[in-house]
């Protein structure tokens, strides 16, 4: 798994490439922790465009990030989900509580208000 990010006006946009699975979750947590802990970050968006697969530990990571952002009154969203990943979030009903956007641009617009 490869993680990259850029920050746009207090919104951290993270792109993940590869699988969000058991073998990479700790690596992803370590990568995201400074951004989640930063008082300057008002929102976090994860771009799923290059995510091939997400397993239950990956789902746990997403829920953990969501809770962390909620606790700091921040915004959280996902973008560019493939049909397969959309189904996973639908089956788990996380699509009912998570903000899912078509693109990073749409996410930024919604989060910035």
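The values are calculated or read from the model by the stated rules, or taken from the named source; none is laboratory data. If you're wondering where the values come from, they're calculated on a predicted model, not measured in any experiment. Cβ: placed from backbone, ideal geometry, glycine included. Neighbour counts: every protein chain shown.
Per the listing 29, 67, the residue uniquely out of contact with any strand residue (DSSP E or B) (no Cβ under 6 Å at 6 or more places or on another chain), at negative phi and modelled with pLDDT of 95 or more is 67. Would you confirm whether any residue within segment 78-90 is without any contact (Cβ under 8 Å) to a residue 60 or more places away in the chain, at negative phi and assigned to a strand (DSSP E or B)? Within segment 78-90 (the criterion being without any contact (Cβ under 8 Å) to a residue 60 or more places away in the chain, at negative phi and assigned to a strand (DSSP E or B)), the answer is yes, since at least one residue qualifies. Pairing each residue of segment 25-53 that is without any contact (Cβ under 8 Å) to a residue 24 or more places away in the chain with any residue that is assigned to a strand (DSSP E or B) and surrounded by 21 or more Cβ atoms within 10 Å (Cβ to Cβ), provided the two are 6+ apart or on different chains, yields no C-beta distance under 7 Å. The requirement of being surrounded by fewer than 20 Cβ atoms within 10 Å (Cβ to Cβ), in contact with a helix residue (DSSP H, G or I) (Cβ under 6 Å, 6 or more places away or on another chain) and within 24 Å of residue 110 (Cβ to Cβ) is satisfied by residue 41. Being modelled with pLDDT of 95 or more and over 18 Å from residue 20 (Cα atoms), is that true of even one residue in segment 54-62? No, there is no match, as no residue in segment 54-62 is modelled with pLDDT of 95 or more and over 18 Å from residue 20 (Cα atoms). In the set (1) part of a helix (DSSP H, G or I); (2) surrounded by 18 or more Cβ atoms within 10 Å (Cβ to Cβ), residue 57 fails one condition alone, (2).
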